[in-house]
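Reading through the structure tokens given below for one structure.
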Amino acid sequence: MSGYSRAWVGWIFFAASMLLLVGLFQILMGVVALFDEEYFLVTQDDLLVPVGYVAWGWIHIGLGALAVVTGFGVMLAQLWARVIAIVVAVVSLLSNVAFISVTPLWCLTIVVFDILVVYALMVHGTEVEDAAFDS
């Protein structure tokens, strides 16, 4: 059983890597929203949630920073990080669905990464602890 458990630990490190990537993408999108509103495909009035690009920018920067911190926590096999990472990935997924009319390909990429993070952590999250105790 220990060989089976160790085989799935790669999913957790994949999830941590994806979470770090999602965090960096979110921060980048937030910075663009703060400084270059003309970059986006629609105006602020046409947003699904009409709060303006500055608010969206800070939301993305905050989510991105939280994703990066929890990504490192997941890499260190911390339980708190796995729990927070699932919440962050779901909130990131929802915020990118709400922002999808602005940058469709970018948001869809992040949504796919978020789904993979949630899958890896929900299905294979406990295997990190099992592998640590087996060694």
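The values are calculated or read from the model by the stated rules, or taken from the named source; none is laboratory data. This is a predicted model, so every value here is computed, not measured. Every residue, glycine among them, receives a Cβ derived from its backbone with ideal geometry; neighbour counts consider all protein chains shown.
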Residue, modelled with the lowest pLDDT, within the range 12-28, restricted to residues that are buried (at least 19 other Cβ atoms within 10 Å of the Cβ) and closer than 19 Å to Val123 by Cα:
Ile12
Looking at the range 19-32, I want the residues that are among the aromatic types (Phe, Trp, Tyr) and have a partner that is crowded, with 24+ Cβ neighbours inside 10 Å and assigned to a helix (DSSP H, G or I) with Cβ atoms under 6 Å, at least 6 apart or on another chain. Which pairs are those?
Phe25/Ile110
Within the range 36-66, the residues that are outside any helix (DSSP H, G or I) and touching a residue at least 24 places away in the same chain (Cβ under 8 Å) are Phe40, Leu41, Val42, Leu47, Leu48, Val49
Residue by residue through the range 67-82, note down the ones that are part of a helix (DSSP H, G or I) and more than 16 Å from Gly23 (Cα to Cα).
Leu79, Trp80
Name the residues in the range 101-115 that are crowded, with 16+ Cβ neighbours inside 10 Å and either of a type in the set (D, E, K, R) or in contact (Cβ under 8 Å) with a residue 12 or more places away in the chain (or both), would you?
Val102, Thr103, Trp106, Ile110, Val111, Phe113, Asp114
One residue is enough: does the range 122-132 have a residue meeting the conditions over 15 Å from the mean Cα position of the chain (by Cα) and in a loop (DSSP other than H, G, I, E, B)?
yes
Quick one: in the range 29-47, of everything that is of a type outside the set (Val, Ile, Thr) and loosely packed, with under 12 Cβ neighbours inside 10 Å, which residue is nearest to Leu108 (Cα to Cα)?
Leu41
